[in-house]
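Novice: So that we are looking at the same thing, I have put the structure below in structure tokens.
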Amino acid sequence: MERIVSLRIKRLPEGVYLATSTDIQGLVAQGRTIQETLEIARDVAKKLIEARAEREGLPPLKPATAAIEYSLVVNA
């Protein structure tokens, strides 16, 4: 089942991007681009959700619905 996880992505002075989440404790991902950071964050989130589900059951995350808000980053 798809779930919605809110991320905060910040550009660090070193030029890389750092993603964290208040929805999933321990989610931290870093990449050279926003795209790479999102891909890493998705993998980390999946692993953290799976580990937590084994210990405690699924975390209370919003299910993905037919329509969601998404900010599109365009390099133009």
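Novice: How about the stretch 8-32: which of its residues are hydroxyl-bearing (Ser, Thr, Tyr), at pLDDT 95 or above and out of contact with any helix residue (DSSP H, G or I) (no Cβ under 8 Å at 6 or more places or on another chain)?
Specialist: Scanning the stretch 8-32 gives a single hit, THR20.
Novice: Does any residue of the stretch 33-46 turn out to be at pLDDT 80 or above, surrounded by 14 or more Cβ atoms within 10 Å (Cβ to Cβ), of a type outside the set (Phe, Trp, Tyr) and touching a Gly at 6+ places or on another chain (Cβ under 6 Å)?
Specialist: Among the residues of the stretch 33-46, at least one is at pLDDT 80 or above, surrounded by 14 or more Cβ atoms within 10 Å (Cβ to Cβ), of a type outside the set (Phe, Trp, Tyr) and touching a Gly at 6+ places or on another chain (Cβ under 6 Å), which makes the answer yes.
The values are calculated or read from the model by the stated rules, or taken from the named source; none is laboratory data. The model shown is predicted, which means the values in this text are computed figures rather than measured ones. Counting neighbours? That spans all protein chains shown, and the Cβs are built from the backbone with ideal geometry, glycine included.
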